[in-house]
Structure formats: C-alpha cells, structure tokens
1. Let me confirm something: among GLY14, GLY18, which residue is closer than 14 Å to ALA85 by Cα, in contact with a strand residue (DSSP E or B) (Cβ under 8 Å, 6 or more places away or on another chain), of a type outside the set (Asp, Glu) and assigned to a loop (DSSP other than H, G, I, E, B)?
2. Going by the conditions given, is THR56 within 17 Å of the chain's Cα centre (by Cα), surrounded by fewer than 19 Cβ atoms within 10 Å (Cβ to Cβ) and under 26 Å from THR183 (Cα atoms)?
3. Name the residue, out of LYS152, LYS105, that is buried (at least 24 other Cβ atoms within 10 Å of the Cβ) and basic (Lys, Arg).
4. Please go through the stretch 138-154 and give me each residue that is aliphatic (A, V, I, L, M) and at pLDDT 95 or above, ordered by number.
5. Give me the residue from the stretch 210-238 that is surrounded by fewer than 18 Cβ atoms within 10 Å (Cβ to Cβ) and touching a helix residue (DSSP H, G or I) at 6+ places or on another chain (Cβ under 6 Å) and, out of that set, nearest to VAL10 (Cα to Cα).
6. Would you mind telling me which numbered condition in (1) under 18 Å from VAL175 (Cα atoms); (2) without any contact (Cβ under 8 Å) to a residue 60 or more places away in the chain; (3) out of contact with any Cys (no Cβ under 9 Å at 6 or more places or on another chain); (4) not basic (Lys, Arg) CYS22 fails?
7. I'd like to know if the stretch 35-44 contains one or more residues that are under 16 Å from the mean Cα position of the chain (by Cα), of a type outside the set (D, E, K, R) and either surrounded by fewer than 23 Cβ atoms within 10 Å (Cβ to Cβ) or at pLDDT 95 or above (or both).
Amino acid sequence: MKLNDRVAVVTGGGQGIGAALCERFADEGASVVVADIDIATAQNVARRTGGLALKTDVGVEAEIRRLVEFTLARHGRIDLFCSNAGIETGGGVDADDADWERIWKTNVLAHVYAARATLPHMVERGEGYLLQTASAAGLLTQIASAPYSVTKHAAVAISEYLAIAYGDRGIRVSVLCPQAVRTGMTRDGAGVAAVDGILEPEKVADDTMDAIREERFLILPHPSVQLYMQRKAGDYDRWIAGMRRLRRRFMEE
C-alpha cells in the first residue's frame, strides 16, 4: 500500500511511536487522524501533520466507534487504522485484578474494538489495512511483567487471526513488535528489553512504513528478535532455561 491521498487513523498518536507514525504517514501524503487519551498531545501532533485530533480512550468500545464515525464523516473512508495505543504495568500473577483488567482492555480489547468498527467499511470497499502495535514481548516474553507479556501475546494472536480470516477479502494486516523504543515507557529505563539497544520512534516509523509498502505481516525493528524466535521454536526448553538466566541477571541487579 502507498499512502499518498489515503486516510490513516492512529491511536496513541500523541506521543512516542504513535506520533512518529503520524508524522511519517503525513510525509507520505496521507490525511491523518490523531487519537489519544491526552487530547493536548494529539492536537500538537495534528497541528504538525495538518491532521485532525480526537480524544479517545481505546479501552472503551464506544469511543473507538466514535473515532471511526468521526473519520468517516470527515474523510469518507479509512484506508489504514493503526491500533497503536498501549500501556504497561508490572507484577506477576499476583498483580491486582484492576491492573489486569485495565491492561487487557487497552492492549487487547482495543484491537478487537478497532476491527469490529472498521472491518465492515473496509470489507465493503474490498480493501483496507490494519496495523496493531504489539511488542517483542508478544513473541518472546517480558520477564518483569506477566500482564504485559500476556496481553502482548494476545495482541499478536488477534493480528494473526485477522490476517488469516480477512486476507482473502482485501484486508492487509501488520503487527509491530519492537523491543525497547525511546518513549515514555522507557523514561526510567527499559530493563532487559534494551539488551539490543533502544531505538528512536522515527526509526520504528520508517521500518513500519517499509512493511506497509510491502504489505508484510511481521514488523521487527530489532532484527535480532527473529533469531530469538527461531531459537525458541527450535528448542523450547533450552530457550526457557536461557530466559531464566536472563531473569536472574536483570532481576537481581
């Protein structure tokens, strides 16, 4: 897909990866709708990109539907919907139920809500593109957070399902799985995720744009993640043993 004269919606577009995606898409000639729970940041990005801004809590389905309706009313179509907003929380299985519920809604159900709202329009037109931001933690794991790891695995799973179920109906799907990126989430350090370096959001946006042009499913800004996936699939027990060593190293520092 080329984005010239297309319409792109980006959730979590007010900062970090989302803001970089908005700016990259605008550079490609797209009309951008910037959605964020922090409307001030969304408006700032919208001003820089010549786009529109709308306050959106992606964990609430009615607000995702309002975002889609807002975009259709102003542009008549949605070509690319980037379900990018996400949050993190620490803890293991003992994390509070409230934390589990909040991160599940934002990191997983938001992708479901976006698909429900956009697919009827896209399928009717016979084309459309869905981009979900997950994480390398969704392919490997996050040794310091069970809720983050579980929800990012689920985000990859819903992306796989959508690619399989709708690929023959003109819908393209990509899932973005970086390790550490210089955003608000890494302000206090990225821990084990930074083992292969911390990327700038602009680099991630460039890699994402390349994948969209190629209509490639898996986007890995850190290429080493591919090798880790192969090692995991090749010998699961050995991989788990290695992750235990990694956990001891980082959790005991």
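1. GLY14
2. Taking the combined requirement at face value, the residue does not satisfy it.
3. After applying the criteria, what remains is LYS152.
4. LEU139, LEU140, ALA146, VAL150, ALA154
5. For the stretch 210-238, the residue satisfying everything is PHE217.
6. Looking at each condition in turn, CYS22 falls short on (3).
7. Yes, because at least one residue in the stretch 35-44 is under 16 Å from the mean Cα position of the chain (by Cα), of a type outside the set (D, E, K, R) and either surrounded by fewer than 23 Cβ atoms within 10 Å (Cβ to Cβ) or at pLDDT 95 or above (or both).
Each row is one residue, and each column tells you yes or no for (1) of a type in the set (A, V, I, L, M, F, W, C); (2) at pLDDT 95 or above; (3) in a helix (DSSP H, G or I).
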site	(1), (2), (3)
ALA98	yes, yes, yes
ARG102	no, yes, yes
THR106	no, yes, yes
ALA110	yes, yes, yes
ARG116	no, yes, yes
PRO120	no, yes, yes
VAL123	yes, yes, yes
TYR129	no, yes, no
GLN132	no, yes, no
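The values are calculated or read from the model by the stated rules, or taken from the named source; none is laboratory data. Computed from a prediction, not measured in an experiment: that's the story for all the values here. FYI the Cβ positions are ideal-geometry reconstructions off the backbone, even for glycines, and counts take in every protein chain you see.
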